[in-house]
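Only one structure is covered here, and it is reproduced in the block below.
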Amino acid sequence: MARKPSEDLLSPLTLIVGQEELLLDRAVAQTVAAARADDPDTDVRDLAPGTLQPGMLSELTSPSLFSERKVIVVRAAQDAGADVVKELKAYIEDPAPDVLLLLVHAGGAKGKALLEAGKKAGAREVACPKLTKPAEKLAFVRAEFRGAGRSASEDACRALLDAVGGDLRELASAASQLAADTEGTIDETVVARYYTGRAESTGFQVADLAVTGRTADALGQLRWALAVGEKPTGIVFALASGVRAIGRVATADRSLRPADLARELGMPPWKIDRVRQQLRGWTGDGVATALRAIADADAAVKGGSGDPAYALEQCVVAVSQAARAR
């Protein structure tokens, strides 16, 4: 007989199910934060897809010498091989003490037996479905502002969705920036000041030049952007959006028709065409390197550096070099 699903963040087993990457990452982070709040010495092992091999689970879940709690995150659990699934199902029936196992699963028919075993055992369940409808993404934007403790009008939420597009990470980043950089109720005027016409704005011109490896031109445009008052945080946002778009288009299913791909990625077709033209020279390692540089620049322009302009220049150089890694 199946047990009642757990609602405890510190449940021995959590099933995080869906295909919305941002929500999956947040669900993992929420559990990790709860575990570390309860035990600061918690040991976290976040396993990349395909990392868990036969025989590893028993070692990962064995008692620690220092008796601290463990959090084991298994990504893309639906792709686990038969031997690993067998070990996971056996573990679910007899979990180890002081171990939190998080199975991140895409849902669907593949690997369904593992999900069913977890549900039968009373696992905590977190649904992270892909948000495809405009109304769902609008609700997400509202929730982001509420979570930041800010009030935003309905028109502002719609304007942000129209300006930024459907990618949840970009929407979350944009909402966070508006919440941090503005005061009072966020209305359509505020959103327009930051994002309307953003594809033609100076910050995005910097990004377009950087992601095509044109270092000198990008640096020149950066200096002009700063001279005319472009916010450093907006330039970082533009760089992040450009590099993430490179990564998303590069890893998309090439068999999809242009219209289907546009719906899948939440981008207008014209943007997908432009990103495809920018892809030449990029590698997976290059995208990772560029995103690390952007994260460093983001921290720098938000108070981590006494010279935000220099930090931005270093970031632009790093992105431009990553664009020529191949």
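List of remarks:
- Applying the condition of being surrounded by fewer than 20 Cβ atoms within 10 Å (Cβ to Cβ) and within 30 Å of Ala322 (Cα to Cα) to segment 183-197 and asking which residue is modelled with the highest pLDDT yields Thr196.
For every residue, the table says whether it meets (1) modelled with pLDDT of 95 or more; (2) crowded, with 19+ Cβ neighbours inside 10 Å.
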{"site": "Phe66", "(1), (2)": "no, no"}
{"site": "Val71", "(1), (2)": "yes, yes"}
{"site": "Gly81", "(1), (2)": "no, no"}
{"site": "Tyr91", "(1), (2)": "yes, yes"}
{"site": "Leu100", "(1), (2)": "yes, yes"}
{"site": "Gly108", "(1), (2)": "no, no"}
{"site": "Cys128", "(1), (2)": "yes, yes"}
{"site": "Leu131", "(1), (2)": "no, yes"}
{"site": "Glu136", "(1), (2)": "no, no"}
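- For segment 198-228, a residue qualifies if it is more than 18 Å from Tyr310 (Cβ to Cβ) and either at pLDDT below 90 or out of contact with any helix residue (DSSP H, G or I) (no Cβ under 6 Å at 6 or more places or on another chain) (or both), and the qualifying residues are Arg198, Ala199, Glu200, Ser201, Thr202, Phe204, Gln205, Asp208, Arg214, Asp217, Val228.
- Filter result (surrounded by 20 or more Cβ atoms within 10 Å (Cβ to Cβ) and either touching an Asp or Glu at 6+ places or on another chain (Cβ under 8 Å) or free of Cβ contacts under 8 Å to residues at least 40 places away in the same chain (or both)) within segment 279-317: Ala293, Ala300, Ala311, Cys315
- Conditions (1) hydroxyl-bearing (Ser, Thr, Tyr); (2) assigned to a helix (DSSP H, G or I); (3) in contact with a Lys or Arg (Cβ under 9 Å, 6 or more places away or on another chain): number failed by Thr212: (2)
- Positions within segment 6-28 being over 13 Å from Leu100 (Cβ atoms) and assigned to a helix (DSSP H, G or I), in sequence order: Glu21, Leu22, Leu23, Leu24, Asp25, Arg26
- Only one of Thr31, Thr51 that is part of a loop (DSSP other than H, G, I, E, B) and hydroxyl-bearing (Ser, Thr, Tyr): Thr51
- Listing of helices (runs of 4 or more DSSP H) fully contained in segment 117-207 that carry 3 or more residues being of a type outside the set (Asp, Glu), touching a Leu at 6+ places or on another chain (Cβ under 8 Å) and farther than 30 Å from Asp8 by Cα: 154-164, 188-195
- Breaking point among (1) exposed (fewer than 14 other Cβ atoms within 10 Å of the Cβ); (2) at pLDDT 85 or above, for Val275: (1)
- Exactly one residue among Ala180, Ala156, Ala172, Ala143 is in contact with a strand residue (DSSP E or B) (Cβ under 6 Å, 6 or more places away or on another chain) and among the small types (Gly, Ala, Ser), and that residue is Ala156.
- Output for segment 293-326, where each listed residue is over 19 Å from Gln177 (Cα atoms) and among the charged types (D, E, K, R): Asp307, Glu313, Arg324, Arg326
The values are calculated or read from the model by the stated rules, or taken from the named source; none is laboratory data. Predicted, not measured: the structure shown is a model, and the values here were computed from it. Methodologically, a virtual Cβ is constructed for each residue, glycine included, from the backbone with ideal geometry; neighbour enumeration extends over all protein chains shown.
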